[in-house]
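Q: For reference, the structure I am asking about is given below.
The values are calculated or read from the model by the stated rules, or taken from the named source; none is laboratory data. Bear in mind that the values here come from a model prediction, so they are computed numbers and not experimental data. Every residue, glycine as well, gets a Cβ built from its backbone with ideal geometry; the counts of neighbours run over all protein chains shown.
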Amino acid sequence: MLSYGLTAPGLPHELAYQAGMVFVGGVVCVGIAALTRQHQRPYSATVFYLLLGVLGSVLLGVAGIGRLDPIADHQVFEHVTEVALVVAVFGAGLAVERHIARYSLVLVVMLLVFVMPLTILAITAYGVTAMGLPLGAAVLLGAVLAPTDPVLAGDLGLGPPGSPHQGEPRFSLHTEAAANDGLASPFVLLGLFIAGQGHTAWLGTWALQDILYGIGAAVALGIAAGWLSAAALQRSRSRELFSPTLDGFLAPAAAVIIYALGQAIGTYGLLAVFIAGITFSRRDQGHELGPRLHHGSELTGRLLEMAIILMIGASLTTAGLTAPGLSGWLLAPLLILIIRPVLVYLVTGRGPMTRHERRFLSFFGVRGVAAVYYATIVTASHQLPSAQTHRIIWTTLACVAISIIIHGISATPATQRLLR
């Protein structure tokens with residue numbers, strides 16, 4: 001249940017409610033207008049959403065109505081971000097339809113196997129030395145901030161199925177962002193184990209259950225579910241059980257079913273959904289179903305993206321923004337401008353990519369919805385003292401807000417330059 005109050009001193013409940021409806025309706029109109037001309041302006045619509053959310057937070061404060069609290073209301077943040085990630089990851093998988101060259105595959109593996117764990121290690125070291133966090137909390141902060149985001153990075157990745165080849169950096173960025181959301185889960189569990197256990201007897205269980213089984217079962221489930229769902233939907237369409245005009249609604253439905261199955265068998269649902277999207281795209285080649293599903297997942301993801309960024313902006317308070325401290329705020333530019341660029345340059349140094357392509361891939365490691373989702377998981381676990389949880393949550397929100405502004409302003413010009 002939300003923690004904010006229903007009435008405000010000097011402001012009748014009905015008037016506050018109606019004013020809120022007017023604000024929400026106006027925000028939706030602004031969001032639609034922003035998306036309509038997204039590629040005609042030098043900045044992303046996400047910057048609009050964040051500013052509108054901050055405005056909403058100010059208005060809530062003026063009206064005397066409590067704001068969204070990312071800690072007290074963590075279940076709201078968790079469920080909304082969870083659904084957004086599921087839909088976005090499935091759509092990202094559907095877009096990976098082209099033949100994957102050997103270098104592309106090697107580069108994505110390097111980004112997932114080396115860049116993400118080393119990013120966690122770097123943030124952990126910073127959290128311990130500069131922020132004064134204990135090891136468990138620092139590992140959790142690293143695991144929360146390490147995955148790049150398939151929701152906010154949508155404009156930087158691949159277009160819908162059937163789009164022309166859009167370059168190696170966009171393919172790698174797109175695939176990395178979709179895959180590392182699920183692959184961050186075992187590192188979050190690692191941080192929770194370190195924070196909650198006083199011994200190392202759990203290491204074997206973590207390696208077998210959370211690494212080998214978790215990843216292996218997710219890949220197997222994704223392949224099976226993607227193939228079967230594509231075959232079933234194609235047969236249903238041939239028998240006219242589904243109207244072609246409603247194909248877009250099938251994408252969120254298929255994604256949440258596969259995700260729920262993955263969670264039910266104790267594996268990583270996000271990874272299973274991404275693999276299912278890729279498999280579906282392969283099985284559907286030559287049909288029109290894949291592009292329609294991709295359009296539906298993209299539209300749903302855009303609406304959820306707007307809702308989440310508004311929630312982030314509406315939750316910002318002066319007290320919360322001071323919680324990370326100077327060291328917490330410095331983590332954002334350190335992560336965006338130093339940690340990721342250095343690591344990406346190390347793994348792409350001898351490849352065929354140009355210098356500009358390397359800069360594009362290294363700079364646009366967008367932090368967003370995935371970070372907020374995993375931060376809510378940390379809050380719900382109750383494995384950390386409240387002061388450490390508070391600092392991790394607000395440091396995460398600070399890094400996400402800075403990423404939205406920096407990457408939102410630079411995404412469109414950089415993408416257009418890359419395509420030219």
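Q: With surrounded by fewer than 21 Cβ atoms within 10 Å (Cβ to Cβ) and either at pLDDT 85 or above or under 17 Å from the mean Cα position of the chain (by Cα) (or both) as the only criterion, which of A130, A63 stands out?
A: The conditions single out A130.
Q: One residue is enough: does segment 96-103 have a residue meeting the conditions hydrophobic (A, V, I, L, M, F, W, C) and under 26 Å from L337 (Cα atoms)?
A: no
Q: Under 6 Å between Cβ atoms, which residue pairs at least 6 apart in sequence (or on different chains) link something in segment 317-339 that is in contact (Cβ under 8 Å) with a residue 12 or more places away in the chain with a partner that is of a type in the set (F, W, Y) and crowded, with 19+ Cβ neighbours inside 10 Å?
A: Short answer, once both residue conditions are applied: G320/W394; A323/W394; P324/W394.
Q: If only one of S281, S315, S362, S327 is among the polar types (S, T, N, Q), touching a Gly at 6+ places or on another chain (Cβ under 7 Å) and at negative phi, which one is it?
A: When all the criteria are applied, what remains is S281.
Q: Out of segment 297-325, which residues are in contact with a Ser or Thr (Cβ under 8 Å, 6 or more places away or on another chain) and part of a helix (DSSP H, G or I)?
A: Selection gives E305, I308, I309, G313, A314, S315.
Q: Within segment 261-278, how many residues turn out to be part of a helix (DSSP H, G or I) and under 19 Å from Y374 (Cβ atoms)?
A: 8
Q: Please work out which one of (1) at pLDDT 90 or above; (2) in a loop (DSSP other than H, G, I, E, B); (3) in contact with a Phe, Trp or Tyr (Cβ under 9 Å, 6 or more places away or on another chain) is the condition H165 fails and give its number.
A: Looking at each condition in turn, H165 falls short on (1).
Q: List the number of the failed condition for I336; all other conditions in (1) buried (at least 24 other Cβ atoms within 10 Å of the Cβ); (2) over 30 Å from F23 (Cα atoms) hold.
A: I336 satisfies every listed condition except (1).
Q: Something else about it: Mind telling me which of the residues V347, V273, V366 ends up being touching a residue at least 12 places away in the same chain (Cβ under 8 Å) and touching a His at 6+ places or on another chain (Cβ under 6 Å)?
A: That would be V366, the only listed residue that is touching a residue at least 12 places away in the same chain (Cβ under 8 Å) and touching a His at 6+ places or on another chain (Cβ under 6 Å).
Q: Does A401 satisfy the condition of being within 16 Å of L310 (Cα to Cα) and touching a helix residue (DSSP H, G or I) at 6+ places or on another chain (Cβ under 8 Å)?
A: Spelling it out, A401 is indeed within 16 Å of L310 (Cα to Cα) and touching a helix residue (DSSP H, G or I) at 6+ places or on another chain (Cβ under 8 Å).
Q: Could you tell me which of the residues A92, A122, A101 is of a type outside the set (V, I, T) and within 17 Å of the chain's Cα centre (by Cα)?
A: Only one candidate passes the filter, namely A92.
Q: Does P341 satisfy being of a type outside the set (G, A, S) and in a loop (DSSP other than H, G, I, E, B)?
A: In short, no.
Q: Among residues belonging to segment 339-369 that are surrounded by fewer than 22 Cβ atoms within 10 Å (Cβ to Cβ) and of a type in the set (F, W, Y), point out the one that is nearest to T46 (Cα to Cα).
A: F363
Q: Answer with yes or no whether Q263 is touching a residue at least 24 places away in the same chain (Cβ under 8 Å), out of contact with any Pro (no Cβ under 6 Å at 6 or more places or on another chain) and of a type in the set (S, T, N, Q).
A: So Q263 does not fit the description; no.
Q: Another question, then. Quick one: S243 ticks every box in (1) within 16 Å of G93 (Cα to Cα); (2) exposed (fewer than 15 other Cβ atoms within 10 Å of the Cβ); (3) not charged (D, E, K, R) except a single one, so which number is it?
A: The number of the failed condition is (1).
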